[in-house]
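Encoded as structure tokens, the structure appears first; notes follow it.
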Amino acid sequence: MQVAVTHSKADFDALASLVAATFLYPGAVGLLPSQMKPSVREFLGLHRDLFRLAAAGDVDLSAVTSLIVVDTNSWDRLDKPYNLSGRRDLEVILWDHHVEGTTIRADWACQAESGATVTLMLREMQRRDCAFSPMHAPLFLMGLYDDTGNLTYPSITPHDAY
């Protein structure tokens, strides 16, 4: 089983990246963190049924063979049930725009300076020609704008604007 996880106290970039992971890895289920920003929780209250998302209690974590970690590179930022750092039989895939402080040793990683993790993932979705519904586009934009201060932060790149 393949699951995607993100950091606790999830913002819109974390949620957008979690959803993007379900497109890049079609069999994957996104697992929601227990804590989310209030605006993210409200958004999911209205639109959760549009996404392949589950709570930790809905999935047998012992059956996980592949873990996709998005928008964080530290085991400490994951909810305790999702911290599978002790599992040696686990494939770990990492997507993150934070390049320093990495504690997760991934089998494969896309870590690059960018304003938002969803930017990195959308570039790959475009390369693979991944189709998504019109409802997903606003979420991806919300993730991008949330993490880049509406494209005003100095950390943004031309890829974020594109």
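For this structure, a couple of remarks:
- A simple rule links phi to the HN-Hα coupling: the Karplus curve 6.51 cos²θ - 1.76 cosθ + 1.60 with θ = phi - 60°, which for the range 74-82 gives 10, 4, 5, 8, 7, 4, 3, x, 8 Hz, with x for Gly and Pro.
- Difference of contour (0.36 nm per residue) and Cα-Cα distance, Trp75 to Ala161: 28.0 nm
- When the Cα gyration tensor is reduced to axis lengths a ≥ b ≥ c, the ratio a/c is 1.5 or higher for the range 66-162, and with a/b above b/c it is classed as prolate.
- Beta bridges by DSSP in the chain, antiparallel share as percent, to the nearest 5: 5
- Three-way shape label, the range 29-117, alpha-carbon gyration tensor, a/c 1.5: oblate
- Solvent-accessible ranking of Thr117, Thr65, largest area first, probe 1.4 Å: Thr65, Thr117
- Global form of the range 111-162, assessed from the alpha-carbon gyration tensor, a/c cut-off 1.5: oblate
- Across the chain the C-alpha pair distances fall into 5 Å bins from zero in the proportions 2, 9, 20, 24, 22, 15, 6, 2, 0 percent.
- Mean-position separation - Cα centroids, the range 61-108 and the range 4-32, in angstrom: 12
- Contour minus Cα-Cα distance for Ala55 and Ala131 (0.36 nm per residue): 24.9 nm
- Under the criterion of Cα pairs below 8 Å and six or more residues apart, the relative contact order for the chain equals 26 percent.
- The range 34-94: relative contact order as a whole-number percent, Cα under 8 Å and 6+ apart: 38
The values are calculated or read from the model by the stated rules, or taken from the named source; none is laboratory data. These figures come from a predicted structure and were not determined experimentally. Ligands, DNA and RNA are stripped out before the accessible areas are found, and what is left, the full protein with its side chains, is counted by its heavy atoms. Shrake-Rupley method; radii C 1.70, N 1.55, O 1.52, S 1.80 Å.
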